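In what follows, a single structure is set out as structure tokens and then discussed.
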Amino acid sequence: MTAAQHVENVLQFLVAGLLTGAIYGLMCVGLSIIFGVMRVINFAQGEFMMIGMYFAYFVFGASGQPLFGDVLGPYVAALLAGPAVFGVGVAVHRLLVGRVTGFRSTTLEAEGHYAQLILTLGISLLLANGALVVFGAAPLSITTPLASTPWVVGPLHGEDILLFVNQGQTVAAAIAVAVVGAFAILMARSRLGRALRAAADNPNAAVYMGIDVDRAYRIAFGLGCAVTAIGGGLLASSYPVQPTIGIDYVIVMYAGVVLGGLGSLRGAFLGGLTIGLVQQLSALVLPNQLQNTAIFVCFLLVVLLRPQGLFGIAARRA
Amino acid sequence: MAEQSPLLEIKSLDAGYGGLPVLHGISLRVERAELVVVVGPNGAGKSTLFKTISGIVTPTAGKIAFDGENLLAVPPHARAHLGIAHVPEGRQVFPSLSVHENLEIGASTRAGRTAWNENREKIYTLFPILAERGRQLAGTLSGGEQQMLAIGRGLASAPKLLMLDEPSMGLAPAVADEIFERIVAIHRDTHVSVLLVEQRVAEALHFATRGYVLETGKVILEGDNKALADTARIRRAYLGM
Amino acid sequence: MFARGRDRNWAWIAAFVGAYALVAVFVGNSYYQLIMTVVLVWAVMGLAWNLLSGYSGLVSFGHAAFFGLGAYFVVLAQIEWQLSPWLGIPAASILGGIAGLVVGLPTFRLRGHYFALAMLAYPLALLYVFEWLGYQEVAVPMMRASPTAYLQFADGRIYIFVALALTLGAMVLTRVLERSRYGMALLAIKQDEIAAEAAGIDTLAWKLRAITLSGALAAAIGGFYAVVQLVVTPLSVFGVLVSAQALIVAMFGGVGTVWGPIIGALTLVPLSAFLDAKLAEVLPGIQGVVYGVAIIAVVMLAPEGVFWKVRDLVAGRGMSARANYTPPGTAPPIDFAPRPARDGAPILAVRGLAKSFGGLKAVDDVSLDVRRGEILGIIGPNGAGKTTLFNLLNGFIAADAGSITLEGMDITRRRPSTRCRLGIGRTFQVVKPFRRMSIADNVIVGALAHTRTDAEARALAHAALVELGISQDSHLPAGEITNKELRLMELARALASRPKLLLLDEIFAGLSAAEIEELMAPIRRLCAAGLTIVIIEHTMQAMVQLVDRFVVLDHGAVLAAGSPDEITRNPAVIEAYLGKKWLTHG
């Protein structure tokens, strides 16, 4: 390979990494709001993403007749996954998670935390395998004209470098960034956002101030699931949907969230972006099958090498 | 007849954590516009008493009436809306929220929302530093400033009863004096009822209408400030002399 | 714990194994034979998980890593080196133990959620590595010439018997460990890691032992599973369902007991296998659904598992089942203070000690000496930094500056458990009992640091209990006793670690005057016998009668030091406590 080809390769993967990373960033924001507000590690987060993907797939047009046209359709469907999965998340919280993680149990020792940790593992298994029962194991894909048309950048540097930027992915990434922005404004400016942040900082003091902390947790859980599901929906137009896809992505999401610093929304988004870059750029040096391993190793390194940062947050609560 | 009854009336209250009892048959009342002080050694149950009033701890027996209403039937988060402001031990401001946002959270009760513009000015007059630091994150304030914010946050809810749990804890003496002065001013100027847990016994008793001494979860002494200030028991309890 | 005498559990284990073998003899259908084998595989996998997570409370979501390594090792060793599984399985368990150690060393820096998450990543990373290595589907070679030498049998019942032997081994191992200091140490860590560390338990060392054993067992059963299934794929041995199944059979049956994984496997494995066989065609994920529902149901309805739920229903509330302590007949009296008394030399020297949290100086340039054989009272208003000082002294938090010297040895950078073994014992402002253990067991945990054998530990604990006059109640679970008994128990636990210096943090908090008197007697006695004691108190009331000397802290700094008389007359002290008004009122 010539030097120019190398550069072209790197640039190509860099673009791919940024585009995927933006969506990962969105998914990480969803996870981060749940952890940030409730201190709940939600193992089922990947399954809510998977539900978002299936939702987008079916709304977009399993019927063969795209509901909102075949250009905008996938994106409208992805955004609609938000409110739908919000409802699912709120229901799951009300029926299951909230029963073991009320603000009262957060004041107790570790036992309550383990209960919810294991509970969300159960929910994850149930949703993933339930989806397998309902949808079958075969991967499904959304095909759109946008996703198969690239913008061509270049030739740059004389005739040597030619970049292909997938139009579908670019639109999806732009929407992801927009949703993150809207969510950040909601959290920073609205009364609801303020109440959620107060409940996150100190649930007892929030109760003293008249905030219904259990309700705040429920809303946070629903919002977190919804945001991640939108991410899943956006991903569905470039990656095939499968029932058991969630578990890989839960690690992707935690890697991003931990990388960016637990509890910080901006950190979560940047963390997700970084993970997208790591995943794509690792393809330059590693075989394809090891892309995910690169993420897991990256995750382990972050968790193991920066524990003081993690403990900083955990200890403040203790 | 709400006007006739005490603002807060606690009768034979038992409470504790995870099966271990802490409070035994506590009876206590706060009349309108009173400043009532509760003193006692660590582990006597003072904070538990406050948490029980706020609903974070569920009592095993006894009654709490607030403004003539059965408080135990009210869910914890709804109690703030009735007019109870709990300024907890160790301040517990929301560290990642700005000073202004902390106050706004305090003002999210119904009464607090209505009176917010007026209350904000009052709070800023009492604690000018809070106006200066309005956009700063509460977690970056000094201990004394955080205590002022915690009290301001309580006041923002336009309470009928202000419950202060050791507001001088861990503060330098000069700062503690300042905090104490403001508490007295708040009580004098707004006629809000104040229930105060304090270890600076002399100051607390000097300004209080009445006081209670708690030991091992029981009220062992109660009376008006003069009577309490004269008892040797207080001196002994705190200094062993 | 450490109980002597007859233990009916051995009879139950024998009965279970016998009954299982008997049923196996009469099962001719090869499908049922396979299920009976697989039930035991998951029972052993559950026991392996239980050895670490059930006893220590560190939930692992990644035991598939060990299981999968074992499975692949056995298959590949047979293919590459013709190594018989008879040898391959023991070798796999060594590999698993090493893997446990390698995983544990970095991962135990994490706690709670982060530990569980990190553990999840190991098998998933390995899964892709094995796919990449091209081991998508590795079959065990058939050895028609000498099948028995390669653990291959025509009669499926033999597999059941081999699995049963492995299960028996795992059960015996679990039971023996549970009743040894291993079980005690891990249970203590599970209930309160901080208190365990303060009582002299080197928590990291114990956790490493646990994950090594656990990994070894998981790898061994993974190797056996490969032989039974004949084919190994990355997903079938490294997949999430493998880790989840280990956790679920144990949690469903009951954690922290040998019976939990057995009950869980006996219930869930046949159920999911049955549903899978009936419905897999139409409902491919039914097995996962069963496990998902099982774990949700357990968390919601019986968070500690079926075994404990049933046990509690049968035996009534309380964990008396775990409090099977019998006092040793006549213990030789143990002198808890074998030191020359009161020579006035400092046993502990603190110089320039400082610690800040954020901007707050919790302890600010504190220097003090603790003299051998004295009772030193450290007093000060709430928030003065007293507990932070103790946490610095016993090593829970690291100092920003300054030094701590114990008998001439610089201990500023030592772990809490090391400091405990060097002679610093402590109690806590809010008592930290191991709630699910009896009083006696709590104290035995303290005794582990300075004893080699379990009998010695028992004797030492008993002596401490007698010393404090609570030996007659020592069978009671610590979750059900009064504040005074808790304080005495914690004192006994500290005493059992043979301290030279005892740090007592508000040991009188929440006690009545009469109870304080009761508690003061043994403290005086211990001091008279030569033990050095530092007591933190909020008020001076009880202290003036007890201490030789006071150090008054205020805002993290030493405000005054001196005899009780001097201190109670010191205007600065009176002001710090009662306020300025008190002086003017006077």
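The values are calculated or read from the model by the stated rules, or taken from the named source; none is laboratory data. Only a predicted model underlies this, so the values are computations on that prediction, with no experimental measurement involved. Cβ coordinates were reconstructed from backbone atoms using ideal geometry, including for glycine residues, and neighbour counts include every protein chain displayed.
Quick notes on this structure:
- Some residue of segment A:256-266 being part of a helix (DSSP H, G or I), touching a Cys at 6+ places or on another chain (Cβ under 6 Å) and either surrounded by fewer than 24 Cβ atoms within 10 Å (Cβ to Cβ) or not small (Gly, Ala, Ser) (or both): yes
- Figure legend. Inter-residue proximity from segment B:176-203: first residues under 24 Å from C:GLY380 (Cα atoms), second residues in a helix (DSSP H, G or I) and among the hydroxyl-bearing types (Ser, Thr, Tyr), beta-carbon distance below 7 Å, spacing 6+ or different chains. Indicated pairs: B:VAL201/B:TYR238.
- Failed item, numbered, when C:ALA384 is tested on (1) over 29 Å from C:LEU578 (Cα atoms); (2) over 31 Å from the mean Cα position of the chain (by Cα): (1)
- Filter pass, B:GLY68 being at positive phi, of a type outside the set (S, T, N, Q) and more than 10 Å from every other protein chain (Cβ to nearest Cβ): yes
- Exclusive hit being over 30 Å from B:ILE53 (Cα atoms), surrounded by fewer than 23 Cβ atoms within 10 Å (Cβ to Cβ) and either touching a Ser or Thr at 6+ places or on another chain (Cβ under 7 Å) or among the hydrophobic types (A, V, I, L, M, F, W, C) (or both), set A:ALA226, A:ALA188, A:ALA172: A:ALA188
- In segment C:484-499 there is no residue that is surrounded by fewer than 20 Cβ atoms within 10 Å (Cβ to Cβ), of a type outside the set (Phe, Trp, Tyr) and not in a helix (DSSP H, G or I).
- Scanning segment C:45-72 for residues that are assigned to a helix (DSSP H, G or I) and over 17 Å from C:GLY256 (Cβ atoms) yields a total of 9.
- Residues within segment A:141-168 that are surrounded by fewer than 16 Cβ atoms within 10 Å (Cβ to Cβ) and closer than 30 Å to C:LEU283 by Cα, tallied: 2
- Residue match in segment C:564-573 (condition: over 32 Å from the mean Cα position of the chain (by Cα), under 18 Å from C:PRO346 (Cα atoms) and assigned to a helix (DSSP H, G or I)): no
- Some residue of segment C:523-542 being closer than 29 Å to C:LYS355 by Cα, within 11 Å of chain B (Cβ to nearest Cβ) and part of a helix (DSSP H, G or I): no
- Any hit, segment C:87-104, residues being touching a residue at least 60 places away in the same chain (Cβ under 8 Å), part of a loop (DSSP other than H, G, I, E, B), on the phi < 0 side of the Ramachandran plot and within 14 Å of chain A (Cβ to nearest Cβ): no
- The condition of being surrounded by 15 or more Cβ atoms within 10 Å (Cβ to Cβ) and under 18 Å from B:GLU222 (Cβ atoms) holds for only one of B:PRO21, B:PRO76, B:PRO41, that being B:PRO41.
- Restricting the first member to segment A:209-221 and to residues that are more than 8 Å from chain B (Cβ to nearest Cβ) and farther than 16 Å from B:ASN102 by Cβ, and the second to residues that are assigned to a loop (DSSP other than H, G, I, E, B) and not small (Gly, Ala, Ser), the beta-carbon pairs closer than 8 Å and six or more apart or on different chains are A:TYR217/A:THR101; A:PHE221/A:VAL40; A:PHE221/A:ASN42.
- Test set (1) under 17 Å from B:ARG29 (Cα atoms); (2) away from chain C (no Cβ under 11 Å); (3) among the β-branched types (Val, Ile, Thr) - B:VAL197 fails condition number: (2)
- Tally, over segment C:329-371, of residues that are at pLDDT below 90 and either away from chain B (no Cβ under 14 Å) or closer than 23 Å to C:PRO522 by Cβ (or both): 18
- Close pairs from segment C:178-200: first on the phi > 0 side of the Ramachandran plot, partner surrounded by 24 or more Cβ atoms within 10 Å (Cβ to Cβ) and not hydrophobic (A, V, I, L, M, F, W, C), Cβ under 8 Å, at least 6 apart: C:GLY200/C:GLY446; C:GLY200/C:SER497
- Identity of the residue in segment B:187-204, outside any loop (DSSP other than H, G, I, E, B) and touching a strand residue (DSSP E or B) at 6+ places or on another chain (Cβ under 6 Å), that ends up surrounded by the fewest Cβ atoms within 10 Å (Cβ to Cβ): B:HIS187
- Extreme residue, surrounded by the most Cβ atoms within 10 Å (Cβ to Cβ), among residues of segment A:267-304 that are of a type in the set (Val, Ile, Thr) and in contact with a Phe, Trp or Tyr (Cβ under 7 Å, 6 or more places away or on another chain): A:ILE275
- Residue within segment B:50-61 that is among the small types (Gly, Ala, Ser), under 27 Å from C:ALA509 (Cβ atoms) and away from every other protein chain (no Cβ under 12 Å) present: yes
- Tally of residues being in a loop (DSSP other than H, G, I, E, B) and aromatic (Phe, Trp, Tyr) across segment C:147-200: 1
- Boolean, B:SER47 is within 13 Å of chain C (Cβ to nearest Cβ), closer than 26 Å to A:ILE211 by Cα and under 13 Å from the mean Cα position of the chain (by Cα): yes
- Qualifying residue in segment A:180-191 (condition: assigned to a helix (DSSP H, G or I) and at the interface with another protein chain (Cβ under 8 Å from one of its Cβ atoms)): yes
- The listed residue being of a type in the set (Val, Ile, Thr) and within 12 Å of another protein chain (Cβ to nearest Cβ), out of C:VAL258, C:VAL269, C:VAL249, C:VAL282: C:VAL282
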